[in-house]
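Here is the structure we will look at, set down as structure tokens.
Nothing in this text is a laboratory measurement; each read-out follows from the coordinates by a stated rule. Quantities reported herein were computed from a predicted structural model and do not represent experimental measurements. Cβ placement follows ideal geometry from the backbone for every residue including glycine, while neighbour counts extend to all protein chains displayed.
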Amino acid sequence: MNSPDTSKTQNFFGTSEAELKEIFSQWNVEAYRVHQVFTWVYHYHCRDFSEMSNISKSLRSQLAERFHFSLPKVQQRTHSKDGSIKYLMELNDGAVVECVWMPSESRKTLCLSTQVGCRLNCSFCLTASLGLKRNLTACEIIGQHIAINEELEEKDQITNVVFMGMGEPLDNYGPVVDALRLMISPEAMKVSTRKVTVSTSGLVEKMKAFQEENLHINLAISLNASDNVTRDRLMPINKKYPIEVLIDCLKKYPLKPQRRHTIEYVLLEGINDSDEDAQRLAKWLQGVPCKINLIPFNAFDSAEYRPPSDQRVLKFQNYLIEQNFSAFIRKNRATDILGACGQLATQVEVGTPR
Ligand code: SAH
């Protein structure tokens, strides 16, 4: 660490290129130096300004006076039988959020959090029981990725990122956009836009603003019901932005060629899993460039829902495929270590030893 008193200095992680350019211009330092410093930090993983050998001594000490490097700490890691690792990440103020690292042959995906808790109160989601404690900053969002990568072997480095952990990304709009810019910037974390997905419960106004940011990352939408009465019950946000408004927004949302939205649909036995549900879902999604991820409900102790039988899930999927949709069953990962949204952090909160 460069500065012993981090409370008086700014965390370098989360500082945008634009902000550093602004600071350098106040210091009368050439703009291209921003690129050099970013390369040291994000490409060479340097955490000490004094080691930045192609930068003048005076700039190095100016940087060290202004910035420190701070990342969330891994407080707990739990290994699942399926190879996933669930991380509990401790933030500077002691708050905790969770991340799940999920390996497959072709990719290593990190599911990260954007808020401590959530205020959307979806009835099937355990994070909802926490309420919203606070938003994460951009550094805390990208910090989850950087800190976890630092402890993973070379072959296990994260390739894909999904914003599907705790919180509603678009309810923490500014920091999430700043974090995304750092994530996809070739100067910083260099994650391909094709490999980043933000999942939203459908905050339509924010989705409209988001498309103007021109980030071209993937969007996943948690639809989870085929009619407004059921969706109102499962996801109260539906009262503000009902299904027809959400679908209309998706139809108008500009997409790059070969790209499509992901529609997430959590299957709950007897609630949204009937043949009629599949038919209504197919109708809504006519003309929406999308693939559909069917997610059998991941049950937890206090849950009032259950996942449907495998047979029911397959029938639901088959109907959608017959209607020419790409529909996949997303087996929940890490279920043996409480892999569903919010489960580990809520366990810790109530003090259950794990
Ligand atoms: N707030 C965002 C992202 C976090 S939730 C959103 O709503 O998309 C990420 C995904 O997990 C959502 O699709 C949500 O519907 C799903 N999910 C939440 N709890 C779940 C559970 N217990 N079982 C299966 N999926 C769940």
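Applying both filters, DSSP loop and at most 12 other Cβ atoms within 10 Å, to the trypsin sites (Lys or Arg not before Pro) of segment 286-336 gives K331.
Which GluC sites (Glu not before Pro) in segment 67-148 sit in a loop by DSSP (not H, G, I, E or B) and have at most 14 other Cβ atoms within 10 Å of their own Cβ?
Loop-located and lightly packed - E105.
Once you order the gyration tensor axes a ≥ b ≥ c over the Cα atoms, which shape class does segment 10-68 get: rounded for a/c under 1.5, otherwise prolate or oblate by comparing a/b with b/c?
On the way: a/c = 1.31, a/b = 1.13, b/c = 1.15.
It comes out rounded by the Cα gyration axes.
Between Q311 and S185, the FRET efficiency estimated from the beta carbon spacing at R0 = 51 angstrom works out to 0.65. Among the GluC sites (Glu not before Pro) within segment 13-44, those in coil by DSSP and having at most 16 neighbouring Cβ atoms inside 10 Å are E30. Within straight cross-link reach of K195, meaning Cα distance under 24 Å, which lysines are found once same-chain residues fewer than 8 apart are removed? Result set, ordered by chain and number: K86, K108, K155, K206, K208, K251, K252, K256, K291, K331.
Sorting Y42, Y319 from the fewest to the most surrounding beta carbons within 10 angstrom yields Y319, Y42. What is the list of residues in segment 208-238 whose amide nitrogen lies under 12 Å from a point 7 angstrom out from the Cα of R107, following Cα to Cβ? Hits in segment 208-238 for R107 at 12 Å: 218-220. Around the amide H of D82, modelled in the peptide plane, lie the amide H atoms of A334, all under 5 Å away and 5 or more residues distant in sequence or on another chain. Counting only DSSP beta bridges with both residues in the chain, the antiparallel share comes to about 40 percent. Taking each DSSP H run with n ≥ 4 as -39500 (n - 2.57) and averaging over every residue of the chain yields -9000 deg cm²/dmol at 222 nm. Over segment 33-128, the hull volume per residue, using the convex hull of the C-alpha atoms, is 171 Å³. Here segment 10-68 is treated with +1 on each Lys and Arg Cβ and -1 on each Asp and Glu Cβ, and its dipole about the Cα centre works out to around 120 debye. Rounded to 0.05, the FRET efficiency of the E244 and Q323 pair, given R0 = 25 Å and the Cβ-Cβ distance, is 0.85. Only Lys, Arg, Asp and Glu carry charge here, each on its Cβ (+1 for the first two, -1 for the last two); on that basis the chain has a dipole of about 520 debye about its Cα centre. All C-alpha pair distances within segment 73-337, sorted into 10 Å bins from zero, spread as 7, 30, 38, 22, 3, 0 percent across the bins.
Our estimate of slack between S25 and D93, defined as 0.36 nm per intervening residue step minus the Cα-Cα distance, is 21.2 nm. Only one residue of N54, V74, I146 has its Cα farthest out toward the positive end of the dipole of the chain, where Lys and Arg carry +1 and Asp and Glu -1 on Cβ, and that residue is N54. Backbone amide hydrogens, once placed in the peptide plane, bring N11 within less than 5 Å of H68, excluding anything fewer than 5 places away on its chain. Extending 7 Å from Cα along the Cβ direction at H45 and again at L152 yields two label points whose distance is 1.2 nm.
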